[in-house]
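Asker: Pasting a structure here, questions to come.
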Amino acid sequence: MKIKINSQKVAPYIFVLPFVLIFLVFFVYSIGSTIVMSFQSVKIGDIQFIGLDNYRMLLNNSDFPIAIRNTLIYTVLTLLLLIPFPLTFAVMLNSKSMRASGLYRAALFMPLLCSVVVAGLTFRFMFNETNASLVNSVIINLFGGEKVRWLSLQWPAMIVMVTLASWRWTGINIIYFLSGLNSIPVELYEACEIDGANTWQRFRYLTIPMLKPTIIYLLTISIYGGLAMFAESQMLWAGKSSPHNIGLTIVGLIYKNGISQGQLGLASAIGLILLVVVLSTNLVQLKLTGGLKKESK
Amino acid sequence: MSKFSFSRLKPGEHRITGVLLVLFFTALGVIVLLPFISIVVTSLKDSGMVIRNGFNLNISAETFTLENYKYLFTGGDHNYFIWFRNSIFLTVVQTALTLFISSWVGYGFAFYEFKGKTLIFICVLIVMMIPFEILMLPMYREIIAMKLNNTYLGIMLPFLAHPIAIFFFRQFLQSIPKEIVDAGRIDGCSEYGIFLRLIMPIMKPAFAAMGIYIGMMSWNNFIWPLLVLTDTKMFTLPIGLTSLMGPYGNNYMLLISGAVMTILPIMVLFFIAQRFFIEGMSTGSVKG
């Protein structure tokens, strides 16, 4: 039987074919092999099934809890900073009294143009551990404190990582909130005003509920971004491991075990755990915020 | 536009809030621009000072020098401009191919009903939801098995049918009336001819927005090329700059001035087409 390539029955499959092929070859295979390898000891030319040993090894691995702690703290802090502040800034930029808001929007957007390599490099040296670096000299001159060893201590290092993330993502989150704000009908605000609602009440009972889809969306991508963070810490410590692993993230641990030490089985087990954590965190989040109901419509 | 929050204020109060807002955002804007200013200032000083002092804003007539840029442009013995050319090449090819293939797939989802459509579309959403970093190791092994390591095809291939782009194009195409397709069929166009000749020309605004998003991702792409590329002559700018920080050479002269020259082209483009950048980057929804 001859298949007519040009029929309306066959054409749609030809259209979606590139995606299906790439999906099967790269994504299905990768997920499958991550699952399989997580139960194997993989060395060059020697693959053995070792059951749950990789997972057991992780429990005894001293790096693993550190990586989890860093990643979780980083994710929570970025969520706390990268949603309320951009929301507030967007409302302020959108207010009637604001002049030249386009100019400020552009300035806040600019970090996004910068690659993580250049951004990481710049922050590494702005937070350099000498007296003369930008941040330390400001601290010493303005507050008369002592220089901070930013990239050698746990909490200072966390501050640098979170500052870097805030610097990079605040602008785009403001843009998301601005487009959300612009889709709220003006009539609703007028109605609120007639009912005598003050600025705070309008913000709390009108703006926030109307921005809920944007907030849910930003929560979702920030959770993904936070839990999968790696490049930033890789750049801040110039590809070397950070002192006492203060900058080690879960993906960093995958990279360290998988690429640097060739322990693919162990790396796969970490990857699988992270995948489950990422998906379940976001499912819970979507369930709590009601984001799933919207999607099923 | 919903301009609202201070609308009940009297004109005088209005002006005061306005001044306060402008002051606040000017301060915030300066803080946000500080990293850019500090790297540019540092690039104009002796590179030896980087290790001693890090980045700061101090510069004087004595410390000012163009040595770093002189070395960058005429120094000879470095690969910076090879990396620059590689980056431009990869960005252009990857953006063009990704736009074409993703819009091709998006068209299939938007204009046809077929068995398995929902299932395949769910797969698109699944790919969107899995952080790439988790799959990078097995994907890297596949690329090696296909002998595509150290090639640009190896960098591009897994992402040519880009889920975000597919999603975006499908959304865009759903607003186009189906009559165009029927008219094309009556005129004797093939199913593919309809897409290539009738649909693609109307997709220009969507291509522009997504093109900026994909282009930025490709230009700044870091972790995946870092894995795939091994030959210095094949490096892109982000990988090349990273290699300058490696254990073998702390070549700060080239690193800092080279980093500045990496941001410069995008900055220029941004100021020319600011609105498109902001639209483009907010359409491409996931952080990368």
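Asker: State, as an integer percentage, the relative contact order of chain A based on alpha-carbon contacts under 8 Å between residues 6 or more apart.
Answerer: Numbers: 307 pairs, mean separation 83.3, N = 297.
The value is 28 percent.
Asker: How far apart, in nm, are the 7 Å Cα→Cβ label points at A:Arg149 and B:Ala183?
Answerer: Label-label distance for A:Arg149 and B:Ala183, simple model: 7.2 nm.
Asker: Moving to a separate point now. Summarise the partner chain shielding of A:23-29 as one whole number: the mean count of Cβ atoms from other chains within 10 Å of each residue's Cβ. Spell out each step's value before the answer.
Answerer: Values: counts 8, 1, 5, 10, 10, 3, 5.
Per residue, the average neighbour count from other chains is 6.
Asker: Using a Förster distance of 41 Å, how high is the FRET efficiency between B:Glu62 and A:Leu103, based on the Cβ-Cβ distance and rounded to 0.05? The partial results should precede the final answer.
Answerer: Details: r = 35 Å, r/R0 = 0.85.
E(calc), rounded to 0.05, equals 0.75.
Asker: Further question: Where the centroid of each part is defined by its Cα atoms, how far is region B:52-110 from region A:220-248 in Å?
Answerer: Taking the Cα centre of region A:220-248 as reference, the centre of region B:52-110 is 23 Å away.
Asker: If you don't mind, there's one more thing I want to ask. Using 7 Å Cα-to-Cβ label points, what is the B:Met200/B:Ile37 separation (nm, one decimal)?
Answerer: That separation, rounded to one decimal, is 4.7 nm.
Asker: Would you mind telling me which residue in A:Thr249, A:Thr78, A:Thr207 has the biggest mean-square fluctuation in a Gaussian network model of chain A, where springs connect alpha carbons within a distance under 10 angstrom?
Answerer: Of the options given, A:Thr207 has the highest mean-square fluctuation.
Asker: Please report, ordered by residue number, every helix of chain B (full DSSP H runs) that is 15 Å or longer along its axis going by C-alpha atoms and whose mean Kyte-Doolittle hydropathy reaches 0.0.
Answerer: Working: long enough: B:11-43 (47 Å, 1.72); B:80-111 (46 Å, 1.15); B:117-129 (18 Å, 2.62); B:132-145 (19 Å, 1.08); B:163-174 (16 Å, 1.06); B:204-220 (23 Å, 0.59); B:252-272 (30 Å, 2.38).
The qualifying helices are B:11-43, B:80-111, B:117-129, B:132-145, B:163-174, B:204-220, B:252-272.
Asker: What is the order of A:Ser133, A:Ser260, B:Ser175, fewest Cβ neighbours within 10 Å to most? Let's see the in-between values first.
Answerer: On the way: A:Ser133 25, A:Ser260 10, B:Ser175 7.
The fewest-first ordering by Cβ neighbours comes to B:Ser175, A:Ser260, A:Ser133.
Asker: If neighbour count is taken as other Cβ atoms inside 10 Å, put A:Glu232, A:Glu146, A:Glu193 in order from fewest to most.
Answerer: By the 10 Å Cβ count, ascending, the order reads A:Glu146, A:Glu193, A:Glu232.
Asker: Just tell me how shielded A:102-111 is by partners: mean number of partner chain Cβ atoms within 10 Å of each residue's Cβ, no decimals.
Answerer: 6
Asker: Moving to a separate point now. Where in region A:8-42 is the amide nitrogen less than 20 Å from a point lying 7 Å along the Cα-to-Cβ axis of A:Asn60?
Answerer: So the set is A:38-42.
Asker: Net charge near A:Pro12, counting Lys/Arg +1 and Asp/Glu -1 over other residues with Cβ under 11 Å of its Cβ?
Answerer: Details: positive: A:Lys9, B:Lys115, B:Lys117; negative: B:Glu113, B:Glu191.
Taking every other residue near A:Pro12 into account, the sum is +1.
Asker: In addition: GNM on chain B, C-alpha springs below 10 Å: top fluctuator among B:Gly29, B:Gly215, B:Gly258?
Answerer: Evaluated over chain B, the most mobile residue of the options is B:Gly29.
Asker: Mind telling me which of B:Met216, B:Met146, B:Met203 comes out most flexible in a GNM of chain B, alpha-carbon contacts under 10 Å?
Answerer: B:Met146
Asker: Follow-up question, since we're still on this one. Describe numerically, in nm with one decimal, the distance between label points set 7 Å from Cα along Cα→Cβ at A:Lys9 and at A:Ala132.
Answerer: With each label placed 7 Å out from Cα toward Cβ, I get 7.7 nm.
Asker: Continuing with this model, one more query. Quick one: of A:Lys240/B:Lys147; B:Lys117/B:Lys204; A:Lys256/B:Lys147; A:Lys147/A:Lys240; B:Lys70/B:Lys147; A:Lys287/B:Lys117, which pairs are farther than 30 Å apart, Cα to Cα?
Answerer: B:Lys70/B:Lys147, as the Cα separations exceed 30 Å there.
Where a number appears in this text, it was derived from the coordinates with a stated rule and is not lab data. Worth saying up front: this structure is predicted, and the values here are computed from it rather than measured. Neighbour counts are summed over all protein chains in view; Cβ atoms, including those assigned to glycine, are modelled from backbone coordinates with ideal geometry.
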